[in-house]
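**Q** This is the structure I have questions about; it appears just below.
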Amino acid sequence: MRWTRGLLTALAVCALLGGSAGCGAGDAHERRDGVSASPVGTLLDEMDEEGRFYREVDKKGAPEVGIEIQPDSADRWDVRLTVRNFRFSPAGTRPVPVAGRGLAHLYVDGRTVARLRTAEYHLAGNLVPRGTHHVTVRLYADDGTAWAVHGEPIERTADITASRAARTATPTASPIAAQVAAHAAVPRAE
C-alpha cells in the first residue's frame, strides 16, 4: 500500500507546516487571475424582499450604481447602468463573493424583471403599463447576497411614466458622485 504511506507522509508534512494553512490548492485565497475568492464583507441578519442576506462592506471602495432610463422607438425602455468599483461577472461564475463583482437585479415596482450581467438592458413596454413606475437596480455578489453599506442595499431608483400619447422618464437617480453624497446624508439607525 505505497499510496497510503505517501498520503500519510503528505498529511504529516501539512500538520508540521501549520495545519491546512500549509497545504491545499490555494484556491480559497487567491486565484491565478489575482482576484481574491475569499468571502468579503460581513453577512448581516437583514434580508431583501426576496430573502437574500445583505453583505456589508466598508463605504470606502464599496460598489456604486447609477441608473438612466430613456424611451426608445420600439415601445421599449433603454436602461443604462453606471457602475463604479464593480464588475459584472459572466454567466457560469462560481457562487463565491468576490469584492466588487457580481450582477444586478432590475425591479419594476418591486417585482424582479431581470438579472443583469451587463450595463445595458431593453425593458419591454408590456412590463411598464400606463402610469408612473419605480425602476430599481440593486447590486448582488455572485453568491446571491446583496451588497450593502451601513445596512442599506446598494441600489438606485428612477421613476418612469408610460402613457398612450407619450412616455417620459424622470431619472430620480442622480450621477454617482451625487448619489454617494446623498447616501452619506441618510441617518444610520443604530
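The values are calculated or read from the model by the stated rules, or taken from the named source; none is laboratory data. Owing to the predicted nature of the structure, the values given are computational and were not obtained by experimental measurement. Neighbour counts are summed over all protein chains in view; Cβ atoms, including those assigned to glycine, are modelled from backbone coordinates with ideal geometry. Side chains are part of the model used for accessible areas, which takes the heavy atoms of the whole protein and leaves out ligands, DNA and RNA. Shrake-Rupley method; radii C 1.70, N 1.55, O 1.52, S 1.80 Å.
**Q** For segment 127-148, which residues satisfy the criterion of being in a loop (DSSP other than H, G, I, E, B) and crowded, with 19+ Cβ neighbours inside 10 Å?
**A** 128, 141, 145
**Q** Given the criterion under 16 Å from residue 104 (Cβ atoms), at pLDDT below 95 and over 14 Å from the mean Cα position of the chain (by Cα), identify the matching residue among 49, 30.
**A** The match here is 49.
**Q** Which pairs have Cβ atoms under 7 Å, sit 6 or more apart or on different chains, and link a residue in segment 105-126 that is under 17 Å from residue 87 (Cβ atoms) and open to solvent by 10 Å² or more (accessible area, probe 1.4 Å) to one that is assigned to a loop (DSSP other than H, G, I, E, B) and among the polar types (S, T, N, Q)?
**A** Going by the 7 Å Cβ cut-off, the qualifying pairs are 117/89.
**Q** Filtering segment 40-73 down to residues that are assigned to a loop (DSSP other than H, G, I, E, B) and free of Cβ contacts under 8 Å to residues at least 40 places away in the same chain, which residue is surrounded by the fewest Cβ atoms within 10 Å (Cβ to Cβ)?
**A** By that ranking, first place goes to 73.
**Q** Given the conditions (1) in a loop (DSSP other than H, G, I, E, B); (2) touching a strand residue (DSSP E or B) at 6+ places or on another chain (Cβ under 7 Å); (3) surrounded by fewer than 21 Cβ atoms within 10 Å (Cβ to Cβ), and given that residue 78 satisfies all but one, which numbered condition is not satisfied?
**A** (1)
**Q** Here is a list: 186, 128, 113, 180. Which entry is within 17 Å of the chain's Cα centre (by Cα), modelled with pLDDT under 95 and among the aliphatic types (A, V, I, L, M)? Show your work before the answer.
**A** Numbers: 186 fails: within 17 Å of the chain's Cα centre (by Cα); 128 fails: within 17 Å of the chain's Cα centre (by Cα); 113 fails: modelled with pLDDT under 95.
Being within 17 Å of the chain's Cα centre (by Cα), modelled with pLDDT under 95 and among the aliphatic types (A, V, I, L, M) holds for just one of 186, 128, 113, 180, which is 180.
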